[in-house]
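Have a look at the structure below before the remarks.
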Amino acid sequence: MLQGMTGICGLSNLNTIIFDKPTSILKSVCFTGERGSKQKDCQIRKLNNGAEIVSDRALSEREGLTIAVAVAKSNSPKLPS
C-alpha cells in the first residue's frame with residue numbers, strides 16, 4: 001500500500017510518500033511547474049519507508065509537483081487481477 005500526504009511548510013510545498021513496509025527507492029525524480037514542465041525546483045530525501053519531497057519555491061496557481069520513484073519489484077504493490 002502507498003500513501004501520499006500533501007501540506008504546506010513555510011513557503012514551500014511539502015509532500016511525503018509512505019510505503020506500508022521498508023522500501024528501497026532505486027531512482028527518484030521530481031519536476032515543478034505547469035503540466036509538461038522539466039523544471040526541477042525540488043529536492044527528494046529518501047526515508048526508510050518512502051520519500052519526502054520539497055519544492056524549492058512556492059508553486060504558483062496552475063503549477064504542480066510531479067514525483068516518480070522506482071522501487072525493487074519485490075516492493076511493488078500487487079495489482080488486482
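Each label was represented as a point 7 Å from its Cα along the Cα-to-Cβ direction; for VAL29 and ALA70 these points are 0.9 nm apart. Amide hydrogen proximity for THR23: with H placed 1.01 Å from N in the peptide plane, the residues at 5 or more positions away or on another chain lying under 5 Å are ASN49, GLY50.
Read-outs throughout are calculated quantities, based only on the coordinates presented, and are distinct from any laboratory measurement. The structure presented is a predicted model; accordingly, all values stated were derived computationally and were not measured. Cβ coordinates were reconstructed from backbone atoms using ideal geometry, including for glycine residues, and neighbour counts include every protein chain displayed.
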